[in-house]
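A.B. asks: One structure is given below, represented as structure tokens, and several questions about it will come after.
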Amino acid sequence: MQRRSPNCRPKLRKLSNEGVVSTRRFMKKPKRGVPEGLWLRCPGCEAALFRNDVDKRMGTCPECDYHFYLSAARRVEHLLDEGTFEEWDADLMPQDPLQFCDKKPYIERLEEEQQRTGMRDAAITGSGMIRARRVAFGVTDSAFIMGSMGSVVGERLTRLAERATEQELPLIIVSGSGGGARMHEGIFSLMQMAKVSQAIARHHDARGLYISVLTNPTMGGVAASFASLGDIVLAEPKALIGFAGPRTIKATIRIELPAGFQTSEFLLEHGFIDRIVSRDKLKSEIARLIDYCGKLA
Amino acid sequence: MAMRSANGLEFEAPIFQLEQQLTELERISPRLESTETAIREIRRQLAEVTSETYSNLTPWQVVRVARHDDRPQTSDYLHLVFDEFIELHGDKLFGDDRAIVAGFAQLDQTKVMVIGHQKGRTTKERIACYFGCAHPEGYRKALKKMQMAAKFGLPIICLIDTPGAYPGIGAEERGQSQAIAENMFEMSRLNTPIICVVIGEGGSGGALGIGVGNRVAMLQHSYYSVISPEGCAGILWKSHIHAEKAATALRFTSRHLKEFGIVDDIIEEPLGGAHREPRQMAIRLKSYLSRTLRELKQLPSDQLRNLRYEKFRRMGRFLEEQTGVSDPLANVR
């Protein structure tokens with residue numbers, strides 16, 4: 001039996017019902033990548049930054065434009081018009097089909113992650129407006145078990161794509177996943193790759209638009225499925241994007257990896273992404289792209 | 001009889017011993033009545049011990065069997081199962097990846113397209129095949145050939161046998177993740193029957209890249225996993241030595257996957273594994289393929305596509321509070 005963490009639901013409810021997303025609410029808990037405290041050091045330029053300044057700029061460094069981690073809820077706040085987000089399939093809860101246990105049981109790990117992040121699983125999906133254009137919007141949060149794709153993430157994204165097709169909405173998915181497929185759910189996770197990909201294929205066949213936005217990090221089974229399938233693939237600057245993790249590659253080929261390997265810039269150079277877009281311009285760029293790709297009558 | 005490598009599996013030691021005894025006894029001629037009796041007795045013991053060992057393989061032992069040097073590979077089945085094979089090379093973009101072979105073949109009277117991972121036998125072959133780890137050009141070759149097959153109405157048979165897609169600099173530069181994603185995307189749209197069989201290792205995305213089929217089957221002692229047991233152990237237990245534990249936790253044997261509804265069929269292996277009786281294995285694989293193909297050929301092409309979609313659409317385990325069901329399709333229709 002899946003027990004539900006008492007903390008996770010009200011938060012998401014606030015998100016959809018009130019329409020106004022409070023930044024503060026999601027910043028209370030310690031987040032991976034953004035340490036607590038009044039000050040923080042930018043990994044890009046080593047500058048000591050006042051946390052409030054970084055927050056105001058949606059998690060970017062005022063000095064060097066380094067892109068910090070941004071939670072899924074803040075992504076919603078950042079990219080969608082205020083009060084327009086309506087969450088879909090919020091009641092999907094992860095299960096533990098393998099009774100998986102490494103250092104601790106998966107079911108406990110899930111509860112801890114739910115408490116810590118206030119999410120039920122690593123993805124939030126729904127519909128909303130981007131500069132008054134209605135879209136089907138999904139985002140994965142790299143803080144929830146590395147943003148890995150288990151059955152819930154796969155199912156929510158699949159339903160998102162299917163509804164986008166049905167309702168003729170542009171599909172926008174912001175990916176952040178250091179983990180790829182979630183090994184705790186074994187083969188079920190792997191199959192989510194095929195499940196989401198085929199839903200995107202149907203969206204494509206119905207001439208639907210899909211814009212994929214890659215953020216730091218997008219790896220493994222997430223990179224090797226929905227994240228790479230956009231009609232247009234955008235990436236935030238200097239994000240880590242790739243199939244195999246740098247450590248795995250190093251262990252296999254035993255040579256030093258070149259500087260800038262598997263970054264957004266590396267992928268752009270090799271022809272796998274369309275544009276690198278800084279976070280402050282992301283919303284307006286997506287809106288403009290939608291206008292170019294709107295359905296023909 | 002298959003060639004036996006020196007590096008046998010340690011849990012096969014009792015079987016090995018009996019087999020050697022048997023070979024020695026059989027060499028004696030002329031045979032006395034007592035020798036005949038001894039041979040019969042050893043044969044009986046051998047069957048017993050082998051069946052005992054192989055009906056109780058641990059998940060880690062399954063992995064060892066699936067990786068066995070003598071386990072039949074795609075190239076063996078191309079000889080033993082199909083009447084003709086015309087190999088078609090190259091992705092027409094970058095190069096020809098030896099880790100995936102593709103080409104026209106005849107299964108009984110039916111013309112088909114066969115795609116399969118190839119690991120190689122000799123050291124030289126293995127290096128040329130990257131031990132069965134395909135690069136993006138391998139997946140793109142597979143896709144090009146599958147699309148051609150669909151164009152000419154040929155059914156597709158995919159033989160999966162890979163530790164995983166190749167992790168390397170070139171593979172990343174040429175878009176490993178994009179190649180695998182695109183294969184799943186396109187395979188879901190092909191208007192022709194697709195049968196996938198895991199014949200050895202079903203390594204993660206590298207396997208799924210040619211794994212979206214109307215029927216997915218596994219040979220009895222193969223495995224199909226989201227991550228290699230070593231990889232999983234390295235991440236979750238911080239050391240590769242815990243691979244055995246990871247193998248158990250991941251529940252990736254054919255029996256588990258059939259229970260989970262991920263694979264449709266298990267193709268039984270001959271007593272003592274496919275590496276002991278490759279020919280026998282090939283006969284069973286062939287009969288499975290012929291039978292399944294006959295079924296699938298009855299279906300109109302758009303239905304094949306829809307059924308394939310629904311098959312993968314159903315996969316996943318989660319709880320839905322509203323309806324209290326965990327059948328993904330219940331909410332979609």
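A.B. asks: Quick one: if the Förster radius is 25 Å, what FRET efficiency do residue B:111 and residue B:287 give, using the C-beta to C-beta distance and rounding to 0.05? Don't jump to the answer; show the numbers that get you there.
C.D. replies: On the way: r = 18 Å, r/R0 = 0.74.
Computed FRET efficiency for residue B:111 and residue B:287: 0.85.
A.B. asks: Rounded to the nearest 20 Debye, what is the dipole magnitude of chain B about its Cα centre when Lys and Arg each give +1 and Asp and Glu each give -1 at the C-beta? Walk me through the intermediate numbers first.
C.D. replies: On the way: 43 positive and 42 negative charges, 161 e Å.
Once rounded to the nearest 20, the dipole reads 780 debye.
A.B. asks: Give me the percent of Cα-Cα pairs in the range A:70-296 that sit more than 31 Å apart, rounded to a whole number.
C.D. replies: Cα-Cα pairs in the range A:70-296 separated by more than 31 Å: 18 percent.
A.B. asks: In addition: Which whole-number percent of Cα pairs in the range B:139-294 have a distance greater than 23 Å? Can you show the working numbers first?
C.D. replies: On the way: 5171 of 12090 pairs.
Summing the P(r) tail past 23 Å for the range B:139-294 gives 43 percent.
A.B. asks: Taking only Cα atoms of the range A:167-282, what ratio of Rg to Rh do you get with Rh as the Kirkwood inverse-distance radius?
C.D. replies: Details: Rg = 14.8 Å, Rh = 14.9 Å.
In the range A:167-282, Rg relative to Rh is 1.00.
A.B. asks: Just name one of B:205, B:240, B:162: the one whose Cα is farthest towards the positive end of the charge dipole of chain B (beta-carbon charges, Lys/Arg +1, Asp/Glu -1).
C.D. replies: Checking the options against the dipole of chain B, the answer is B:205.
A.B. asks: Continuing with this model, one more query. Excluding residue B:77 itself, calculate the net charge of residues whose Cβ lies under 12 Å from the Cβ of residue B:77, where each Lys or Arg counts +1 and each Asp or Glu counts -1.
C.D. replies: Numbers: positive: B:71, B:279, B:284, B:286; negative: B:76, B:161.
Result for the neighbourhood of residue B:77: +2.
A.B. asks: On to the next question. Counting pairs of alpha carbon atoms under 8 Å apart in space and at least six apart in sequence, what relative contact order in percent does the range B:63-313 give? Mind showing how you got there, number by number?
C.D. replies: Details: 524 pairs, mean separation 45.1, N = 251.
Here the relative contact order equals 18 percent.
A.B. asks: As a test question: what accessible area, to the nearest 10 Å², does residue B:43 have when a 1.4 Å probe is rolled over all protein chains in place?
C.D. replies: Here the residue's solvent-accessible area equals roughly 120 Å².
A.B. asks: Whole Å is fine, so just give me how far the alpha carbon centre of the range B:173-249 lies from that of the range B:1-79.
C.D. replies: With the range B:173-249 and the range B:1-79 each reduced to a Cα centre, they are spaced 29 Å.
A.B. asks: Quick check on the range B:63-313: of the DSSP beta bridges with both residues there, what percent are antiparallel, nearest 5%? Mind showing how you got there, number by number?
C.D. replies: Numbers: 12 of 32 bridges.
Here the share of antiparallel DSSP bridges comes out near 40 percent.
A.B. asks: Write down the radius of gyration of the range A:53-112 and its Dmax, each obtained from C-alpha positions, in Å.
C.D. replies: That works out to 17.4, 47 Å for Rg and Dmax.
A.B. asks: Two decimals is fine: what's Rg over Rh for the protein assembly as shown, C-alpha atoms, Kirkwood radius as Rh?
C.D. replies: Details: Rg = 25.8 Å, Rh = 25.6 Å.
Looking at the protein assembly as shown, the ratio lands at 1.01.
A.B. asks: Applying a 10 Å radius around every beta-carbon, put A:136-143, B:305-312, B:91-98 in order of their mean neighbour count, most first.
C.D. replies: Numbers: A:136-143: 27.9, B:305-312: 19.0, B:91-98: 17.4.
Put in order of decreasing packing, that is A:136-143, B:305-312, B:91-98.
A.B. asks: How high is the relative contact order of chain A, given as a whole-number percent (alpha carbon pairs under 8 Å, six or more residues apart)? Please list the in-between numbers first.
C.D. replies: Working: 573 pairs, mean separation 42.0, N = 297.
Reported as a whole number, the value is 14 percent.
A.B. asks: Now, a different point. Past 32 Å, Cα to Cα, is the threshold; run A:195/B:124; A:104/A:250; B:151/B:311 against it and keep the listed order.
C.D. replies: Numbers: A:195/B:124 38 Å; A:104/A:250 29 Å; B:151/B:311 23 Å.
A:195/B:124, as the Cα separations exceed 32 Å there.
A.B. asks: What percentage of all Cα-Cα pairs in chain B are separated by more than 33 Å? It would help to have the intermediate numbers written out before the result.
C.D. replies: Working: 16717 of 55278 pairs.
Tail fraction, whole percent: 30.
A.B. asks: With point charges of +1 on the Cβ of Lys and Arg and -1 on the Cβ of Asp and Glu, referenced to the Cα centre of the protein assembly as shown, which listed residue (A:271, B:104, B:153) lies farthest in the positive direction of the dipole?
C.D. replies: Value computed over the given set: A:271.
A.B. asks: Any idea what Rg and Dmax come out to for the range B:114-227 if you just take the C-alpha atoms, in Å?
C.D. replies: Rg, Dmax (Cα atoms, Å): 13.4, 39.
A.B. asks: Find which of B:35, B:46, B:56 sits farthest along the positive direction of the dipole of the range B:12-56, computed with +1 on the beta-carbon of Lys and Arg, -1 on that of Asp and Glu, about the Cα centre.
C.D. replies: B:35
A.B. asks: Stick to the Cα atoms of the range A:222-294, pair each with every other, and give me the Kirkwood hydrodynamic radius in Å at one decimal. It would help to have the intermediate numbers written out before the result.
C.D. replies: On the way: mean 1/r = 0.0731 Å⁻¹.
13.7 Å is the Kirkwood radius here.
A.B. asks: Sorted by packing (mean other beta-carbon atoms within 10 Å per residue), highest first, where do B:57-63, A:45-51 land? Spell out each step's value before the answer.
C.D. replies: On the way: B:57-63: 19.6, A:45-51: 13.0.
Ranking, from highest mean packing down: B:57-63, A:45-51.
A.B. asks: Next question. Which whole number gives the average, over all residues in A:198-208, of C-beta atoms from other chains lying within 10 Å of the residue C-beta? Numbers along the way, then the final one.
C.D. replies: On the way: counts 14, 6, 4, 9, 5, 0, 2, 3, 0, 0, 0.
Taking the mean over all residues of the peptide, I get 4.
A.B. asks: Across peptide B:307-316, what mean number of C-beta atoms from other chains lies inside 10 Å of a residue's C-beta? Don't skip to the answer; put the middle values down first.
C.D. replies: Values: counts 0, 2, 6, 1, 4, 10, 7, 2, 12, 16.
Average per residue, whole number: 6.
A.B. asks: Using only the alpha-carbon atoms of the range B:12-56 as identical scatterers, what base-10 log of I(q)/I(0) does the Debye formula give at q = 0.16, 0.30 Å⁻¹?
C.D. replies: At q = 0.16, 0.30 Å⁻¹ the computed log10 ratios are -0.43, -1.03.
A.B. asks: Principal axis extents for the range B:11-92, Cα atoms only, whole Å, descending order, please.
C.D. replies: Per principal axis, max minus min of the Cα coordinates gives 65, 35, 16 Å.
A.B. asks: Let's see if you can work this out: charge +1 on each Lys and Arg Cβ, -1 on each Asp and Glu Cβ, no other charges. What is the dipole magnitude of chain A about its Cα centre, in debye to the nearest 20?
C.D. replies: Values: 43 positive and 37 negative charges, 122 e Å.
The dipole magnitude comes to about 580 debye.
A.B. asks: Using every alpha carbon pair in the range B:228-270, what percent of pairs falls into each 5 Å bin from 0 up to the bin containing the largest distance?
C.D. replies: The distribution over the range B:228-270 is 6, 24, 20, 15, 16, 12, 6, 1, given as percents.
A.B. asks: Roughly how many debye, to the nearest 20, is the charge dipole of the protein assembly as shown about its Cα centre, given +1 on each Lys and Arg Cβ, -1 on each Asp and Glu Cβ, and no other charges? Walk me through the numbers on the way to the answer.
C.D. replies: Working: 86 positive and 79 negative charges, 225 e Å.
Charge dipole, the protein assembly as shown, about its Cα centre: 1080 debye, nearest 20.
A.B. asks: Which of rounded, prolate, oblate describes the range B:69-120, given a ≥ b ≥ c as roots of the alpha-carbon gyration tensor eigenvalues and a/c under 1.5 marking rounded, otherwise prolate only if a/b is larger than b/c? Display every interim value, and only then the final one.
C.D. replies: Working: a/c = 3.30, a/b = 1.19, b/c = 2.78.
Cα axes put the range B:69-120 in the oblate bin.
A.B. asks: Right, another one. Cα atoms only: what Rg and Dmax, in Å, come out for the range B:1-154?
C.D. replies: Rg then Dmax for the range B:1-154, in Å: 21.1, 67.
The values are calculated or read from the model by the stated rules, or taken from the named source; none is laboratory data. Please read all numbers here as calculations on a predicted model, not as lab measurements. Counting neighbours? That spans all protein chains shown, and the Cβs are built from the backbone with ideal geometry, glycine included. To get the accessible areas, we keep the full protein, side chains included, count just its heavy atoms, and leave off ligands, DNA and RNA. Shrake-Rupley method; radii C 1.70, N 1.55, O 1.52, S 1.80 Å.
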